[in-house]
1. Which count do you get for residues in the range 1-25 that are farther than 21 Å from Phe98 by Cβ and either of a type in the set (Ser, Thr, Tyr) or touching a residue at least 24 places away in the same chain (Cβ under 8 Å) (or both)?
2. So, of the residues in the range 138-169 that are of a type in the set (Asp, Glu) and surrounded by fewer than 18 Cβ atoms within 10 Å (Cβ to Cβ), which turns out to be nearest to Asn208 (Cα to Cα)?
3. Out of the residues in the range 130-164 that are touching an Asp or Glu at 6+ places or on another chain (Cβ under 9 Å) and assigned to a helix (DSSP H, G or I), state the one that is nearest to Ile15 (Cα to Cα).
4. Does at least one position in the range 52-68 carry a residue that is part of a loop (DSSP other than H, G, I, E, B), of a type in the set (D, E, K, R), under 19 Å from His101 (Cα atoms) and modelled with pLDDT under 65?
5. Given (1) loosely packed, with under 14 Cβ neighbours inside 10 Å; (2) at pLDDT 90 or above, identify the lone condition not met by Ser103.
6. Residue check: is Thr49 surrounded by fewer than 17 Cβ atoms within 10 Å (Cβ to Cβ), closer than 24 Å to Thr93 by Cβ, at pLDDT below 80 and of a type in the set (Val, Ile, Thr)?
7. Restricting to the range 18-38, name every residue that is under 18 Å from Phe157 (Cα atoms) and outside any loop (DSSP other than H, G, I, E, B).
8. Which residues, counting only those in the range 191-218, are β-branched (Val, Ile, Thr) and either more than 18 Å from the chain's Cα centre (by Cα) or modelled with pLDDT under 95 (or both)?
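The values are calculated or read from the model by the stated rules, or taken from the named source; none is laboratory data. Note that the structure is predicted; figures quoted are calculated from it, not measured. Every residue, glycine as well, gets a Cβ built from its backbone with ideal geometry; the counts of neighbours run over all protein chains shown.
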Amino acid sequence: MFLITGCPRSGTEFIARVFQKNGHIVPHECHAKDLVGVASWFHLNDLLTKNNLTKEWRPGWARTPHPDPTNKRFFKRYDYDVVVHQIREPIATISSFFALHGSTKKFFRQWLKPYRSKKELTGDLQMFMFFWLEWNRVAEKYSQYSYCVEDLDAIRFDLSQALGLSTTLETVNLVSKKTNSRKHRTLTAKDFIAANSSLANDIFSYYNSFSVSGGAHE
């Protein structure tokens, strides 16, 4: 049983569909019969709750019964044999944070409270930037393997091995890269640097340390 996790808007629905195309039952943020893993950003919070590092939380829609009778609930807690950390290019990810639901943004603010007392964050963009960096660092800490979703085709063998799959992911390119996309403003590296140059440099450096396909545009 594995968990693929990362930030919100990091492509967990995309990767769930990739696994499904390859014949593996990996639901996105919900329960399914005979599943082998889950792809979900907020299931990482379970690991933090288990280690008394944060309070239990889930999106509002995950608190209600799933309409599909083959699913018991949207949300179910699991014990994972393997945790894998998926990272998406930060400019695209943080730009799409502006399209998140209000309850998720509220979670960002609550989760960042211990940090905000030590660091001055002004405005949503700085908050989003800092959340992206710190949440990815936590995900990395609790994972056995980290990779950039943009590199999926190049690292699919290593990812399959990390998850203990008997076969290598093959049909990587059959799933649209626009899966679960939402309309939002498109930011640039200049916007990040103008908001907080030091934080922007930390974000780009973090992403580039994992990327094998060119890294973020600084």
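1. The qualifying residues number 12.
2. So, considering only residues that are of a type in the set (Asp, Glu) and surrounded by fewer than 18 Cβ atoms within 10 Å (Cβ to Cβ), the one nearest to Asn208 (Cα to Cα) is Asp151.
3. Val149
4. yes
5. In the conditions (1) loosely packed, with under 14 Cβ neighbours inside 10 Å; (2) at pLDDT 90 or above, Ser103 misses (2) alone.
6. The answer is yes for Thr49.
7. Scanning the range 18-38 gives Val18, Phe19, Gln20, Lys21, Gly37.
8. Residues satisfying the conditions are Ile193, Val212.
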